[in-house]
1. Mind giving me the FRET efficiency for B:His174 and A:Lys190? R0 is 60 Å, r the Cβ-Cβ distance, nearest 0.05 is fine.
2. Please identify, among A:Tyr247, A:Tyr305, A:Tyr211, the residue showing maximal mean-square fluctuation in a Gaussian network model of chain A using a 10 angstrom Cα cutoff.
3. Note down the relative contact order for the stretch A:2-132 as a percent, whole number, built from C-alpha pairs under 8 angstrom at least six residues apart.
4. Filter the GluC sites (Glu not before Pro) in the stretch A:142-171 to those in DSSP coil with at most 14 other Cβ atoms within 10 Å of their Cβ, and list the result.
5. Please give the net charge around B:Thr357, taking every other residue with its beta carbon less than 14 angstrom from that of B:Thr357, where Lys and Arg add +1 and Asp and Glu add -1.
6. Calculate the spin-label point distance for A:Glu166 paired with A:Lys277, positioning each point 7 Å from the Cα along the beta-carbon direction, and give it in nanometres.
7. Where a ≥ b ≥ c are the square roots of the eigenvalues of the C-alpha gyration tensor, would you call the stretch A:40-186 rounded, which needs a/c under 1.5, or, failing that, prolate if a/b is larger than b/c, or oblate?
8. Please report the relative contact order for chain B, taking Cα pairs under 8 Å with a sequence separation of at least 6, and give it as a percent rounded to a whole number.
2 protein chains.
Amino acid sequence: MKTLAVLGSTGSIGTQTLDIVRKYPDKLKVKLLAASKISKTLLKQIEEFKPEYVYTVEKVDIKGVRNLYGEEGLIQLSKLDIDLFINGIAGIAGIKPTYLLLKENKKLITANKEAIICLGEILKEKYSSIFPIDSEHSAIFQCLLTGRKKDVERIVLTASGGPFREKPLEEFEHITVEEALNHPKWKMGKKVTIDSATLMNKGLEVIEAHYLFDLPYEKIDVVIHPDSIIHGIVEFVDGSMTANLSYPDMRIPIAYAISYPERWDIEAKKLCLWEIKNLSFYKPDYKKFPLLKIAKEAGKKGSFYPTVLTVADELAVNEFLKGHIKFTEIPVLVEKVLEVANFQKPQTLEDIMFIITETEKVFKDIILKVLN
Amino acid sequence: MKTLAVLGSTGSIGTQTLDIVRKYPDKLKVKLLAASKISKTLLKQIEEFKPEYVYTVEKVDIKGVRNLYGEEGLIQLSKLDIDLFINGIAGIAGIKPTYLLLKENKKLITANKEAIICLGEILKEKYSSIFPIDSEHSAIFQCLLTGRKKDVERIVLTASGGPFREKPLEEFEHITVEEALNHPKWKMGKKVTIDSATLMNKGLEVIEAHYLFDLPYEKIDVVIHPDSIIHGIVEFVDGSMTANLSYPDMRIPIAYAISYPERWDIEAKKLCLWEIKNLSFYKPDYKKFPLLKIAKEAGKKGSFYPTVLTVADELAVNEFLKGHIKFTEIPVLVEKVLEVANFQKPQTLEDIMFIITETEKVFKDIILKVLN
C-alpha cells in the first residue's frame, strides 16, 4: 500500500490521479488532498477518499480531517510521512511546495514544469527525487532505461504542433481564445493549452528536460509530430533510438509514476499501429512559433532567465485569456520582458521569489503601455 | 578487451562483425574465425585479424594458426575460453555449433534463427545466454528493459513486407528469383532475403521470439512497416509502448550485442524523423503471404513442427533459388511437408537431427512429384 498526497487535487492532474486511486484502492491510499480553496469538488473528494489531511490556503473547518493552511501548513505538509507527493498545481503557484518537498527529500511526482524550471538553478541536485509526469518527460525517463546516460547522443521531445500548425502566419493575429483553447490531441488546463498553441509549452519542456536529465541544450531537440503518439525519444551514440508511444492519455504517465517500477492496467485504450496507419514528423516552424526559440535561448542563458521567461509567459497568457491582447502579442510581450529583466544569478528560494515579483512589476509596466 | 569467436566469418553477419572489430581494435580481439571452407576472403581475414584459431569443416594447413576442423573441432571450439561467440552461420547448418555453445554456457550472439527455433523445444532453459542480433529481437530485448516482464501485454515485430507487398496476388506466380532477391530495405544473405519476400522470415521470427523471450504466441504480433525504421515494440499493460528505431543497418544490433551494456559509436547514419517524414503501418495480408500464418501455426503446435517448418522452408527456398519451382510453390511445399511429417516430441539433439534428415527425405519425395 502506497500513501499519496495529491496537491492541486481538483485540477486536471489531480482528478486524473484520483481516478487511478479509484481503480487501485488496495494499492493506494490518499492521505492528503490540497487545493487553493474549498469547493464542491474538493468536498466530494474528501468524502470519497477520506484523507487524514486537507491543505487549503485559508483556514477551513471540515469535519473529520486535519486542516493544514497557509505558509505554515505548507511547511507541515512537506514534512508529512507520505510515500508519494503528486504535485498537480498549475503554474508558478507550485514553486513553493515543490521547493519545500524537495528540501525534505520527498518523492515528488510532478507535471509542474514552471516550478522545475524556476528552481532548476538552485535545486538541481535534488531533482533525482522527481518523477516527471509530463508525457514527454515520462517518455524520456522510460527510454533512458535502455542505455547508459553517457551513451546518449540526444533526446527528442515531440510536439503536437498545436491547433495552428497549418494555419498561415498572416492569420495568426486573428486567433481567438476559443480557437487557442481547442487543442487537437490533449485535454489539459487552460494555461498549458495556450502554451501548446504557441509552442511555448515545448520550449518550457526543453528547459525542464535540461534540468531533470542534466543534459546540455545541444542534446535536446524538438520534432513536430501532430499524431501525438510518440511522446519522446532517446537517441544513443550507436544510431539506435528508443521511443515511447501511447494514445494521448495523461493517466498513463501519472499511473506509471505512481506504480513504478511496476506498471498497472488502467484500462487505457491500447494502441494498434495499423489502425493509426501513419505517424508523421515535421521540423518546427520558428516564424510561426517564435516562443520555442525564445524559450530555448532563455534556457541556454540560464541564471535568472528561465524564471523571467516562465513568469512573463504565464502573465502574457493570462492577458490573452482575458481578451486583453492578441495571440501574436504573447511572444512579443515575453521577449520585451526578457530584454528588460536583469537580476543577480539566483542562489536561494528568496532570490527566485524576488525575481518573480520584480518580473511581475516589469510585466505590468510593459502591458500598461501595450494596452494604452 | 573482449575476445571474440566469429562463426561464419565470411558471411553477411561475419563480415559486418569484423567491420566493428576494425573500428574498436583496442576493445575487441578476434581469437577465432570459422567458415565452412578455406577461401580468399577467409585468408584475408586471417591475415588482418590474426586469430589464434581457425575452424573449417575439412582439415586445412594455415601458417601461424591452429586449425580446428570437423566434428571434433566443433567440440573443441565450443570449449574455448572466449568472451563472446558470434554465430553468423546461415540456416540449419548453425544448429550443432549453437547446441554445443549453449551446452558450454557460452555467451552466444546469434542471428541464426533456424538454430534457435529447432533447439527451442530441448534447450530453452539455456536461452538466457543468447544475445539476439536479428534487428527485431535486438529491438525487443532493448524495449523489454523499460518494464517488468510480467507487465508485458504483447510484443510487436515489424516486417518490411518485402518487395511484393503491393504486387497483386495474381502476379505472384510470375515472381522471378531476381525480383525476390531485391529486398527494398535490408542487405542480407540469399536465404533470409527470400524468406523476407514470402514473409516466412517474420513467421520464423515469431517462433524465435516465443523461445527467446518465453512469451506465448498470443502475445506476439506482427505489423507491416515498409519503412523499416521501427524494428520492434513492447506494449505494456498500462497502454504504454516502447519501440526501437534506427535506419536499417545490421551493424547496429551486432555492435549493441558486442558492446552491451555500453553502446559504441559505429558511424551509423543518424535518424532524423522530419527527414523521414512518415512512418506507415499495415495489417499483414495472409492471402499473399500464407507462410506467416503457416509458421505461426507450426509454432503454436510446438514439438517437432517448428523444426519441420524450418527445414522444409530452407529446402523449398533452395529449390526456388535454383529455378526449380515458382515463388508461390514455396508455401505449398512447406505446407505439404508439415502435413506429412510426424515424429515424437524431440528430447535431445539426436532427435532434432533425426527430424531434420527425415524431413529432408519427406521433402525429396514431395519435390520429385512436383517436378515431374
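Rule-based calculations on the coordinates, nothing more; no lab input. Being a predicted model, the structure only gives us computed values, none of them experimental. Neighbour counts run over all protein chains shown; Cβ positions are idealised from the backbone, glycine included.
1. About 0.45, to the nearest 0.05.
2. Residue with maximal mean-square fluctuation among A:Tyr247, A:Tyr305, A:Tyr211: A:Tyr247.
3. 22
4. A:Glu166
5. Charge balance near B:Thr357 sits at -3.
6. 1.3
7. Cα axes put the stretch A:40-186 in the oblate bin.
8. Normalised by residue count, the contact order of chain B is 15 percent.
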